[in-house]
Every structure is written in C-alpha cells, then in structure tokens.
Amino acid sequence: MDTRPIGVFDSGLGGLTAVRELVKILPQEDIIYFGDTGRVPYGPRSKETLRRYVQQDVNFLISKGVKMIIAACGTASANMTQEIIDSMGVPYTGVVVPAAMKAAKCSKTGQIGVIATAATVRSKAFDNVLKRALPECKVTSNACPLFVALVENGYSDFNNPVTRLVAKDYLQPFMKNPDLDTLILGCTHFPVLSDIIADILGTDVTLIDPGKEAAHYAKSVLQSLNSCNTSEHQGVCHYYISDNVEGFSENAGIILGEPVLGQVEKIEIDTY
C-alpha cells in the first residue's frame, strides 16, 4: 500500500475531468491537482515553451511527494519528452495513449475523428497511436482552440448559443462523414462540452473522454504495482493554480459537481 497522493496537471480546468473520474474509481486516494490557469491555453505555444511549462508542472507535483503523475492535458501529453518522463522518478501517463486505445477498441468502421488543440493536432500524437493499434483506420482531425476558452470562462451550458455555434462550425468535417463512428475529445476541456457535441453529431458517434480513460489507466498501473491506498481513508483533493482563485473555484465546482472553496491555493509556478 502507498498512501502518497496522485499528481494531476493541466493547463487549466480541463484536467478536472480526470480528477472527477479518479474520485469515483479510487475514492481512498488523495489527489494533488495543478491547473496552470495563468498560462492557459497551451495549444498555441511553441514546442520549446510547452516543454518548459510541462517540466515546471512536473517539478511542482514532484515537490508534493506524489506517487504517480497524470498529464491530464492533451497538448502536454502530445508534446511530452522521454527526458521529462525519466526525470519524474514515478509512474506516468498522459491522455493520448489511453484515449486512442479506447477509440481503436470502440470503432467498428475504423473511421475515427479527433478534436484537440492546434498543437496536439500538429503533433499527430493521436494519429500515430491509432495507426499502430488499428492500421486500417482513417483518422480525421480538427483543431478546436476556442473550446478551451469557452470552458475556462464557463460557457458550457447546453443551450448556450455562442458555444453551440462554435461547435457546429468545428464539427463540420465529421458531420460530412456518415461512416465516422468514434470521436476522441483530444483535450480534457472538451468533455465538459460533450452534451453539446453529442447533440450535434448524434447518438451513432461514440465520444471518447481522455481524462476518464487516463484515470482508469492510472488505476491499473497502481494496482499492478500494489501502490493503491487500501486504507479506510476518504481521499482529499488539493487544488493549486497559477492565477485567479475565485474564477477557478466557481468553474471547477461546476465540473466536479461540488464546491471547492477553501481547497484552492495560488502558487508561483515559475519558481519550479
């Protein structure tokens, strides 16, 4: 048994979709979450800037004594280097491999879509994993950068006309393909808009939640290492961010389904 916390990071709020699932499937585990709200979004950044940010995020979580790190961020996962992974000294997972493997398993037609940030789409990280898992598949990708800003600013209501208008525009390439049966929501912000996306694409398209898949993969890793917290302890989540506490707390509560006031602390990430 290992009672150390699990570390999770994202550019902002999106990674809370992974935290939400971790709390369901590993209720005894403590979680340290870092949302880099002062530097969100990661999608438009250069590779060099992204990797500097990711290294600082990782360094912060390591300083908190975590037993595993989850990069609950599609952009960070897609641009993760082996050097950064090796520096962690603890088990690691991003969201790309778990989500892509789930999509390959779910798709019956081999027609798979990916929506993500511009940096993730450019990296072809999802495409590469999908092609290894399902060589005959056809992957259609589209960058949806405004989705991140909409979620970060609370524009996630099912009937929000602005969000629905943006979603219809971004989803056009997939609506034109009647054989597409699976869509990877390649940024962890995007599952917050899954009801809108599902309403536009219809029930025949299976949506893959990368945060959820990463959480289940993390559980399997911890179980294989006998590192789960098997005590009667009720897990506690601590949230750290690099910008406005009030704005984060309000929108995080919507995603998590419970208030997080008093559990959020601002840090200076540039010092890590």
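The values are calculated or read from the model by the stated rules, or taken from the named source; none is laboratory data. Please read all numbers here as calculations on a predicted model, not as lab measurements. Here Cβ is always computed from backbone atoms with ideal geometry, including for glycine, and neighbour counts include all displayed protein chains. Heads up: the accessible areas ignore ligands, DNA and RNA and are worked out on the full protein's heavy atoms, side chains in. Shrake-Rupley method; radii C 1.70, N 1.55, O 1.52, S 1.80 Å.
Identify all residues within segment 207-232 that are open to solvent by less than 70 Å² (accessible area, probe 1.4 Å) and of a type outside the set (A, V, I, L, M, F, W, C); write none if there are none. D209, P210, G211, E213, K219, S220, S227, N229, S231, listed by residue number. Taken over segment 84-117, the criterion of being open to solvent by 30 Å² or more (accessible area, probe 1.4 Å) and assigned to a helix (DSSP H, G or I) is satisfied by I85, D86, S87, V97, M101, K102, K105, C106.
Looking at A125, is it modelled with pLDDT under 95, within 15 Å of the chain's Cα centre (by Cα) and of a type in the set (G, A, S)? Considered against the rule, which asks whether it is modelled with pLDDT under 95, within 15 Å of the chain's Cα centre (by Cα) and of a type in the set (G, A, S), A125 comes out as no.
The number of residues in segment 217-247 being farther than 28 Å from I269 by Cα and within 17 Å of the chain's Cα centre (by Cα) comes to 0. Checking every residue in segment 92-106 against the condition of being at pLDDT 95 or above and more than 16 Å from L185 (Cα to Cα) gives at least one match. Scanning segment 256-272 for residues that are touching a residue at least 40 places away in the same chain (Cβ under 8 Å), part of a helix (DSSP H, G or I) and not acidic (D, E) returns L256, I269. Reported count of residues in segment 5-28, each being aliphatic (A, V, I, L, M) and within 26 Å of R45 (Cβ to Cβ), is 6.
Among the residues of segment 128-160, those that are assigned to a helix (DSSP H, G or I) and open to solvent by less than 30 Å² (accessible area, probe 1.4 Å) comprise V129, L130, F147, V148, L150, V151. Taken over segment 189-200, the criterion of being buried (at least 20 other Cβ atoms within 10 Å of the Cβ) and not β-branched (V, I, T) is satisfied by H189, F190, P191, L193. In a residue-by-residue description of segment 58-77, the property of being touching a helix residue (DSSP H, G or I) at 6+ places or on another chain (Cβ under 6 Å), open to solvent by 10 Å² or more (accessible area, probe 1.4 Å) and closer than 21 Å to G186 by Cβ applies to at least one position. For T163, the stated conditions do not hold, so it cannot be described as touching a residue at least 24 places away in the same chain (Cβ under 8 Å), crowded, with 16+ Cβ neighbours inside 10 Å and part of a strand (DSSP E or B). Scanning segment 1-57 for residues that are under 18 Å from Q223 (Cα atoms), open to solvent by 10 Å² or more (accessible area, probe 1.4 Å) and part of a helix (DSSP H, G or I) turns up E21, V23, K24, I25.
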